Every structure is written in C-alpha cells, then in structure tokens.
Amino acid sequence: MENLLGLLRIRVKKGVNLAVRDVRSSDTYVVVQMAKQKLKTRVVKKDVNPEWNEDLTLSVADPNLPVMLTVYDHDSFSKDDKMGDAEFDIKPLIEVLKMNLSGLPDGTIITRIQPSRSNCLSEESNVVWKDGQVVQDMCLRLKNVECGEIELQLQWINLPGSRGL
C-alpha cells in the first residue's frame with residue numbers, strides 16, 4: 001500500500017470501426033494492462049462498433065509506465081484473434097492532479113494533448129475539470145491492424161493510506 005500512488009479508473013466507452021475477424025463481424029473485448037496487472041471488459045457479440053461503458057480500475061505505483069490496451073475477437077473453439085493494440089501515457093493526467101484546482105468552473109479544459117507520432121491518439125485529448133474532479137477523454141487509434149479506434153475516459157481515485165501524488 002505504501003508504494004501505491006492511487007487508482008486509475010479507465011472507462012472503456014466504445015470501439016469504432018473495429019476490424020472484422022469472424023465471417024461478417026467480431027465478438028470484441030478489450031484487455032488493459034499496466035505492469036503485472038491485467039483487466040478485461042465483457043465480450044460484445046457480433047459488433048465492430050461495440051459499446052462497453054465499463055470501468056476497469058488499475059493500481060498505480062509508477063506513473064511513468066504506459067497503459068497497454070489490446071482488442072480481441074473472442075472465438076469459442078480457437079485462440080482469440082488480436083484486433084489491434086494501443087498504449088497511452090498517464091503522465092499528463094498526473095501532472096494536472098498535482099495542481100490546486102478547486103474552484104474552477106465546471107468543464108474547464110486544463111491541458112490538451114495533441115496526437116503525434118509518439119502517441120496513439122487519433123484526436124486531441126483534453127484533461128478537464130468536471131463535477132469537482134479531473135477527467136481525461138481520449139480516442140486511441142489501434143496499431144497493428146487495418147482499422148479501429150477505442151474511446152476511453154480516465155479518472156484518478158485517491159486512496160487513503162497511499163503515498164499519494
């Protein structure tokens with residue numbers, strides 16, 4: 001517990017234009033991984049534009065480690081097919097969390113992260129003050145696949161007894 005900074009809640013919102021890996025569609029799920037932690041969403045059947053709206057929570061000890069995300073097509077009788085992957089950095093979110101932001105108007109954009117060759121963002125990602133909390137929305141373009149994007153929202157959860165930020 002003393003090495004823990006806090007928790008990162010990742011809301012896996014939806015997939016957009018994911019690759020077809022079965023006959024006409026795919027039975028999709030997402031795996032997120034940070035260090036030795038690995039979590040996955042439920043499978044959404046026969047949908048290349050799935051909506052999960054599912055929260056996955058990772059314990060964060062080292063904010064410099066990237067979060068890896070992999071999309072799979074679930075197959076009942078063979079190995080699940082990989083449908084692309086992406087990674088993202090939580091450092092911009094962590095930097096904002098270190099600021100004293102109380103009293104900001106709801107919806108204030110605190111920082112913007114631009115898509116670049118060094119990240120998987122498909123569009124600008126904003127870190128926003130919303131309902132008294134810092135959240136970051138992002139849309140990731142999947143790599144190692146012909147098409148597909150995943151929409152996420154990140155939120156930090158402070159833990160009593162952790163070393164905090």
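Suppose we keep only residues that are of a type in the set (A, V, I, L, M) and at pLDDT below 95 within segment 26-64. Which one would you say is farthest from ARG141 (Cα to Cα)?
The qualifying residue farthest from ARG141 (Cα to Cα) is ALA61.
In the set LYS14, LYS38, LYS79, which member is open to solvent by 50 Å² or more (accessible area, probe 1.4 Å), within 23 Å of ARG163 (Cα to Cα), of a type in the set (Lys, Arg) and not in a helix (DSSP H, G or I)?
Unique residue meeting the criteria: LYS38.
Does segment 84-101 hold any residues that are touching a residue at least 24 places away in the same chain (Cβ under 8 Å) and more than 16 Å from CYS139 (Cα to Cα), and which are they?
LYS91, ILE94, VAL96, LEU97, LYS98, LEU101 - these are the residues of segment 84-101 that are touching a residue at least 24 places away in the same chain (Cβ under 8 Å) and more than 16 Å from CYS139 (Cα to Cα).
Can you tell me which of (1) over 18 Å from ASP137 (Cα atoms); (2) at pLDDT 90 or above is the one LYS13 doesn't meet?
Of (1) over 18 Å from ASP137 (Cα atoms); (2) at pLDDT 90 or above, only one is false for LYS13: (1).
Test of understanding: among VAL32, VAL60, which residue is free of Cβ contacts under 8 Å to residues at least 40 places away in the same chain, of a type outside the set (Asp, Glu) and open to solvent by less than 10 Å² (accessible area, probe 1.4 Å)?
Only one candidate passes the filter, namely VAL32.
Take THR70 and decide whether it is farther than 22 Å from LYS143 by Cβ, of a type in the set (Ser, Thr, Tyr), modelled with pLDDT of 90 or more and outside any loop (DSSP other than H, G, I, E, B).
For THR70, the condition - farther than 22 Å from LYS143 by Cβ, of a type in the set (Ser, Thr, Tyr), modelled with pLDDT of 90 or more and outside any loop (DSSP other than H, G, I, E, B) - is not met.
Residues to consider are ASP85, ASP47; find the one that is in a strand (DSSP E or B) and either open to solvent by less than 20 Å² (accessible area, probe 1.4 Å) or more than 25 Å from LYS130 (Cβ to Cβ) (or both).
After ruling out the rest, the residue left standing is ASP85.
The values are calculated or read from the model by the stated rules, or taken from the named source; none is laboratory data. Here the structure is a predicted model, which is why all the values come from computation and not from measurement. Here the Cβ is made from the backbone with ideal geometry for all residues, glycine too, and neighbour counts use every protein chain on show. All accessible areas refer to the heavy atoms of the entire protein, side chains included, with ligands and DNA or RNA removed. Shrake-Rupley method; radii C 1.70, N 1.55, O 1.52, S 1.80 Å.
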